[in-house]
Amino acid sequence: MNASAALPASGPTTAETLRSALGGLLDGLPPKQAAAAVERLIANYRGTTPTDAPVLRDRSDVAAYAAYRMPATFEAVRRALDALSEAAPGWTPGSHVDVGGGTGAATWAADATWDGPRPTTVLDWAEPALALGRELASRSASPVLRAAEWRRAVIGAGIALPEADLVTVSYVLGELTADARRAVVAEAARAGRAVVLIEPGTPEGYLRIREAREQLIAAGLTVAAPCPHDAACPIETGRDWCHFSARVSRSSLHRQIKGGSLPYEDEKFSYVAATRFPVEPAASRITRRPQIRKGQVLLDLCGPPEDGLTRVTVTKRHGDLYKAARDADWGREWPPSS
């Protein structure tokens with residue numbers, strides 16, 4: 001890869017820039033070897049035994065897994081950061097620490113969300129992931145990404161984070177033991193003015209986010225998203241789980257491993273964003289894909305504590321609100337603020 005050939009990366013073009021940079025990762029790596037590496041790593045990540053050692057062992061592992069997973073992680077984190085920015089419209093992070101950031105998907109997502117200079121530090125225990133993340137960032141024209149610091153660190157009990165306006169922890173908690181998980185969340189709450197945690201949108205991932213949410217609230221932070229409040233989650237454990245969806249363009253590696261002809265897939269994720277400064281949470285949040293029927297739209301909502309989980313029906317009689325409901329996305333606030 002020619003690291004000196006910078007590609008434009010700002011605002012809405014960040015995702016395309018990332019895909020372009022990722023496109024060169026597998027050059028020289030036989031397709032069957034890349035697919036085998038991804039399948040092995042997916043099996044490891046889906047295992048039930050948490051680990052205290054890095055899963056990504058060498059550059060081949062990192063390149064294959066980044067090409068396969070980084071776009072999905074980027075889109076999920078960007079959706080979570082978008083929700084934080086909507087709850088704190090006048091706030092821009094002046095610094096960012098990404099815990100267990102690997103190849104840096106969350107740093108790219110932050111760069112797509114906010115403008116301006118922002119010292120950024122990526123911490124991970126896998127040196128091959130950090131090296132490749134640095135290489136990818138060097139292909140961006142973004143000063144923030146190109147100036148990011150990539151630092152090796154053990155992610156778990158005893159971790160010490162530099163203080164930062166924004167701390168992100170994405171797709172990491174599930175790799176840790178329960179004690180290490182609580183230690184990482186506690187340190188993120190201590191170090192960050194805003195903390196955003198993202199996990200896979202599975203029942204288990206949701207439970208990890210739910211536990212971390214309670215821990216952040218106990219540490220004095222205020223929930224900014226997706227929840228409209230700091231009260232107990234109204235979902236009955238074991239019967240449902242809170243998760244959202246982000247659409248991801250499928251690469252040739254995705255199609256090779258998963259098959260199928262669709263040019264996209266939907267990444268399911270659970271998250272929580274919490275802050276130490278005032279925020280304006282959504283009045284309600286759409287918790288399922290809206291059901292559009294003839295003359296009406298059904299919206300499943302999580303609202304104020306007194307309302308809990310509700311379903312509302314928006315019809316043509318609601319005028320502009322009906323038009324907004326037809327355009328509403330799963331995970332967005334309701335009613336729309338503008």
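The label point for Thr315 and the one for Arg293, both projected 7 Å from the Cα toward the Cβ, are 1.1 nm apart. Taking the square roots of five times each eigenvalue of the Cα gyration tensor of the stretch 48-175, the equivalent ellipsoid has semi-axes of 23, 16, 14 Å, listed largest first. Specify whether the C-alpha gyration tensor of the stretch 191-338 places it in the rounded, prolate or oblate class, a ≥ b ≥ c being the square roots of the eigenvalues: rounded for a/c under 1.5, otherwise prolate if a/b is larger than b/c and oblate if not. It is oblate, given that a/c is not under 1.5 and a/b is not larger than b/c. Each Lys or Arg adds one and each Asp or Glu takes one away; over the other residues whose Cβ falls under 12 Å from the Cβ of Ile286, this sums to +1. Look at the Cα gyration tensor of the stretch 115-271: its axes a ≥ b ≥ c give a/c of at least 1.5 with a/b at or below b/c, and that counts as oblate.
With a Förster radius of 22 Å applied to the C-beta separation of Asp307 and Thr237, the computed FRET efficiency comes to 0.65.
Adding -39500 (n - 2.57) for every DSSP H run of four residues or longer, then dividing by how many residues the chain holds, sets the calculated 222 nm ellipticity at -11500 deg cm²/dmol. Derived scalar couplings between HN and Hα for the stretch 163-175 equal 5, 8, 5, 10, 10, 10, 9, 10, 6, 10, 4, x, 8 Hz in order, rounded to whole Hz, by the Karplus curve 6.51 cos²θ - 1.76 cosθ + 1.60 (θ = phi - 60°), x for Gly and Pro. Probing with 1.4 Å while keeping every protein chain in the model, the per residue accessible area of the chain equals 44 Å². How far is the Cα center of the stretch 201-235 from the Cα center of the stretch 74-136, in Å? Taking the Cα centre of the stretch 74-136 as reference, the centre of the stretch 201-235 is 21 Å away. Using only the Cα atoms of the stretch 271-315, build the gyration tensor, take square roots of its eigenvalues as a ≥ b ≥ c, and label the shape rounded, prolate or oblate: rounded if a/c is under 1.5, else prolate if a/b is larger than b/c, else oblate. It comes out prolate by the Cα gyration axes. Using the Karplus relation 6.51 cos²θ - 1.76 cosθ + 1.60 with θ = phi - 60°, the per-residue 3J(HN,Hα) values for the stretch 298-307 come to 9, 10, 8, 10, 10, x, x, x, 6, 9 Hz, with x marking Gly and Pro. For Leu176, the residues 5 or more places off, or on other chains, whose built amide H falls under 5 Å of its own are Thr51.
Roughly speaking, what is the stretch gain from Thr177 to Gln33, that is 0.36 nm per residue apart minus the C-alpha to C-alpha distance, in nm to one decimal? Taking Thr177 through Gln33 to full extension adds about 48.8 nm, to one decimal.
Compactness of the chain is given as radius of gyration and Dmax, 19.7, 60 Å, from Cα positions. Extension gain, Arg326 to Glu16: 0.36 nm times the residue separation minus the Cα-Cα distance gives 108.8 nm.
Between Ala147 and Asp266, the contour length at 0.36 nm per residue exceeds the alpha carbon distance by 39.7 nm.
Annotation: peptides 92-102, 157-167, ranked by per-residue average of other Cβ atoms within 10 Å with the highest first, follow the order 92-102, 157-167.
The values are calculated or read from the model by the stated rules, or taken from the named source; none is laboratory data. Predicted, not measured: the structure shown is a model, and the values here were computed from it. For neighbour counting, all protein chains shown are included, and Cβ atoms are generated from backbone atoms with ideal geometry for every residue, glycine included. Accessible surface areas use protein heavy atoms only, side chains included; no ligands, DNA or RNA. Shrake-Rupley method; radii C 1.70, N 1.55, O 1.52, S 1.80 Å.
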